[in-house]
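Okay, so here's the structure we're looking at.
The values are calculated or read from the model by the stated rules, or taken from the named source; none is laboratory data. What you see is a predicted model, and the numbers here were worked out from it, not measured in a lab. Note that each Cβ is placed from the backbone with ideal geometry, even for glycine, and that neighbours are counted across all protein chains shown.
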Amino acid sequence: MLNRRKFLQTGAILGAAAMVPRTSMSEGLSKPTQITSLDQAEHYKWGGHDGTDCDGWYLVKTPELLIIEELMPPGTSETPHLHSKARQFFFVLEGELTLEIEHHHFVLRPGQGIEVSPGSVHQTFNMSSTATRMIVTSQPPSHGDRTEA
């Protein structure tokens, strides 16, 4: 059993700059494991008519896996699309997300998530009056594997 005090002391000693080697199975190279935050993550804009209504941050961006945090202001959405290879999982942190998958609507609230299989036409909406924050996981990465529907 892990001793909580010892764990906290070790965490305090290691701090946020602690790095532990890990090996990428596909590359066979050792990469540092480190804490990731929105302040350090690569940022991009997406959604809306000009593609700038929503925000996204790459938390993990490898050839095998994409984990992003996204922020959708009230009334925003994306266009219907599909990914031929990527399997995605949407997990709501704050607000409310409506996800249309193959003409079925799902309303997700904080602490809820849903999987989207490769080849499924889907679209996200924030139909609420508050911003929606979510984590989107794609394996393999979805960028470059998108077909408008």
Residue in the stretch 78-114 that is nearest to the chain's Cα centre (by Cα), counting only those that are modelled with pLDDT of 95 or more and among the polar types (S, T, N, Q) = Gln88
For Ile135, are the conditions met, namely being outside any loop (DSSP other than H, G, I, E, B) and closer than 18 Å to Gly47 by Cβ?
-> yes
Among (1) closer than 21 Å to Leu38 by Cα; (2) touching a Ser or Thr at 6+ places or on another chain (Cβ under 6 Å) - the single one Val107 does not satisfy = (1)
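State yes or no: is Gly11 more than 13 Å from the chain's Cα centre (by Cα), at pLDDT below 85 and assigned by TED's automatic domain parsing to the domain that holds Gly111?
Values: more than 13 Å from the chain's Cα centre (by Cα): yes; at pLDDT below 85: yes; assigned by TED's automatic domain parsing to the domain that holds Gly111: no.
Here the answer is no, as Gly11 does not meet what is asked.
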Candidate set from the stretch 123-136 (those that are out of contact with any Ser or Thr (no Cβ under 8 Å at 6 or more places or on another chain) and polar (S, T, N, Q)); member that is surrounded by the most Cβ atoms within 10 Å (Cβ to Cβ) | Thr132
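When only residues in the stretch 57-78 that are hydroxyl-bearing (Ser, Thr, Tyr) and in contact with a strand residue (DSSP E or B) (Cβ under 6 Å, 6 or more places away or on another chain) count, which is farthest from Ala131 (Cα to Cα)?
Tyr58
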Filter result (surrounded by 15 or more Cβ atoms within 10 Å (Cβ to Cβ), of a type in the set (Asp, Glu) and outside any strand (DSSP E or B)) within the stretch 64-122 | Glu78, Glu96
